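Notes to accompany the following structure.
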């Protein structure tokens, strides 16, 4: 059975990874043998300078999901490289580093810091964090997306993945802009802008007022965006949005995703990525699928034959 | 993926008062590992509602792992329906534990509010165990505040562990009428020989922090926040401290009392 997939010139042993911001650095808590079986790991987004993050409260439980407004708390690129990266490298799984610059120049500097580090096989540009007080995200502007991806592609020695936002009028326009600028893949999708209000205090629950919605609540919407984008672009898509089970992941794969990332579910069931991987294998065995490529984009949309 | 995640069996789920329960879990891999102040993170339901796990301080870890909890929302409501033999998906033990008092400590004062008493029984168990290892056991004092008589419990267990227990309730139904700080005047807080532990509502801990600063007292506070992962991954449970934002799940739940910035 072949589960391996390719992004740019990089081959991953299987299509299952974790979404940025959902896998911890607390390696002593994890069963590293299990983690080592994943196709890739994506740590939390790194910015050039350290960020303290947003004031509490930072999370809210919602129906089948959660809001978060963490605000990209991270130790900055140098802090990450010195304090977090070594233990991630030791796990031995290919790393995709999610980076976020506050300007094109910052993105370029971040790329130069990361693209030659051991074990880092690709960079994911976070163009779509909803919690930084920006009116328009890069991923909501096709020109800005094109310009930034093009600049980064010019210098990056590893494949570049553009992580896009769900809240756009037409995902195909942004997806095409990233592809035309040379992106090696797309990550779809980031969280949906969302709020919750404490009616007793008549105040927003989140310290940041609004946040991003994730979890199974957004899965059908994420699936539709992945399918729509996959119809438009040729580059691979890494899909995320409320994946809990292997069946959820398979839906994204059939819709056109090359890789699938377990995100928020890691917080509820930290074993979910492994369960998803095992479930995909079981499905392939049960349906006599020898190569995962046969499933990617394998959705049947022609009218079902009537039996008579 | 964590080595900490296991399915255990419920041994008992006892109602202590209209709102408070004691849950007993057969969790051999937690026993012997758990330290006072640490917590376990329970998935109360296989489905998606409620979505998050729920964190609970370990109340006791002898033959079984015990927690005390108050039914305050859908998660604890579902937990209250668990029966003997039910499986329970548990992560733990998690978090930074209480430091043991320094050798100069002659008196340990635990200041608890309501369900905040939970981490202190296991603490007194451990302090007593140290006695059998040759340590001097300091005098143990529990200052315990609650809304009514129905909000303070397990005093007998503390007394059995050699604690002097002082109670204050808002309505005076047991102990003195008023908040727990009314009890402070009963204690001789010598800063060189006293060590404080606290757990309870933030306003209560904030009052204690002001008192501790005024009297140069040292101690630790066990905190609680809404948590998603409890593994230091999501950074959702951060609180303000003099060291910047710190996660309650990973950097805590036990912090230096004087480092917390109560808002």
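The values are calculated or read from the model by the stated rules, or taken from the named source; none is laboratory data. This one's a predicted model, so the numbers in the text were calculated from it and none came from an experiment. Neighbour counts run over all protein chains shown; Cβ positions are idealised from the backbone, glycine included.
Scanning region B:168-201 for residues that are part of a strand (DSSP E or B) and surrounded by fewer than 19 Cβ atoms within 10 Å (Cβ to Cβ) turns up B:176, B:177. Among the residues of region B:206-263, those that are touching a residue at least 60 places away in the same chain (Cβ under 8 Å) and facing another protein chain (nearest Cβ under 7 Å) comprise B:226, B:228, B:231, B:250. Tallying residues that are surrounded by 13 or more Cβ atoms within 10 Å (Cβ to Cβ) and either out of contact with any strand residue (DSSP E or B) (no Cβ under 6 Å at 6 or more places or on another chain) or modelled with pLDDT under 95 (or both) within region A:274-298 yields 16. Every condition in (1) within 17 Å of the chain's Cα centre (by Cα); (2) modelled with pLDDT of 95 or more holds for residue A:270 except the one numbered (2).
Find the helices (runs of 4 or more DSSP H) located wholly in region A:1-101 whose residues include 2 or more that are within 14 Å of chain B (Cβ to nearest Cβ), touching a helix residue (DSSP H, G or I) at 6+ places or on another chain (Cβ under 9 Å) and surrounded by fewer than 23 Cβ atoms within 10 Å (Cβ to Cβ), and list them.
In region A:1-101, A:32-35, A:85-91 are the helices (runs of 4 or more DSSP H) which contain 2 or more residues that are within 14 Å of chain B (Cβ to nearest Cβ), touching a helix residue (DSSP H, G or I) at 6+ places or on another chain (Cβ under 9 Å) and surrounded by fewer than 23 Cβ atoms within 10 Å (Cβ to Cβ).
Counting only residues that are in contact with a helix residue (DSSP H, G or I) (Cβ under 6 Å, 6 or more places away or on another chain) and part of a loop (DSSP other than H, G, I, E, B), region B:104-152 holds 1 of them. The residue that is nearest to the other protein chains (Cβ to nearest Cβ), counting only those in region A:251-260 that are crowded, with 22+ Cβ neighbours inside 10 Å and in contact with a helix residue (DSSP H, G or I) (Cβ under 8 Å, 6 or more places away or on another chain), is A:260. Answer yes or no: is there a residue in region B:211-222 that is modelled with pLDDT of 95 or more, crowded, with 22+ Cβ neighbours inside 10 Å and closer than 25 Å to residue B:89 by Cβ. Yes, because at least one residue in region B:211-222 is modelled with pLDDT of 95 or more, crowded, with 22+ Cβ neighbours inside 10 Å and closer than 25 Å to residue B:89 by Cβ. Within region B:211-236, the residues that satisfy the criterion of being within 17 Å of the chain's Cα centre (by Cα) and part of a loop (DSSP other than H, G, I, E, B) are B:223, B:224, B:225, B:226, B:227, B:230.
Residue A:269 meets all of the listed conditions (1) under 14 Å from residue A:219 (Cβ atoms); (2) free of Cβ contacts under 8 Å to residues at least 60 places away in the same chain; (3) within 11 Å of chain B (Cβ to nearest Cβ) but one, namely (1). Would you mind stating whether residue A:263 is away from chain B (no Cβ under 14 Å) and under 16 Å from the mean Cα position of the chain (by Cα)? Against the criterion (away from chain B (no Cβ under 14 Å) and under 16 Å from the mean Cα position of the chain (by Cα)), residue A:263 does not qualify. Of all residues in region A:193-226, those satisfying the criterion of being within 14 Å of the chain's Cα centre (by Cα) and more than 14 Å from residue A:263 (Cα to Cα) are A:223, A:225, A:226. For region B:27-76, filtering for residues that are more than 14 Å from chain A (Cβ to nearest Cβ) and free of Cβ contacts under 8 Å to residues at least 40 places away in the same chain leaves 4. Taken over region A:187-208, the criterion of being free of Cβ contacts under 8 Å to residues at least 40 places away in the same chain and either part of a loop (DSSP other than H, G, I, E, B) or within 14 Å of chain B (Cβ to nearest Cβ) (or both) is satisfied by A:198, A:199, A:200, A:201, A:202, A:203. Being within 26 Å of residue A:213 (Cα to Cα) and surrounded by fewer than 17 Cβ atoms within 10 Å (Cβ to Cβ) holds for only one residue in B:48, B:91, and it is B:48. The single condition from (1) without any contact (Cβ under 8 Å) to a residue 60 or more places away in the chain; (2) in a loop (DSSP other than H, G, I, E, B); (3) within 25 Å of residue B:49 (Cα to Cα) that residue A:298 fails is (3).
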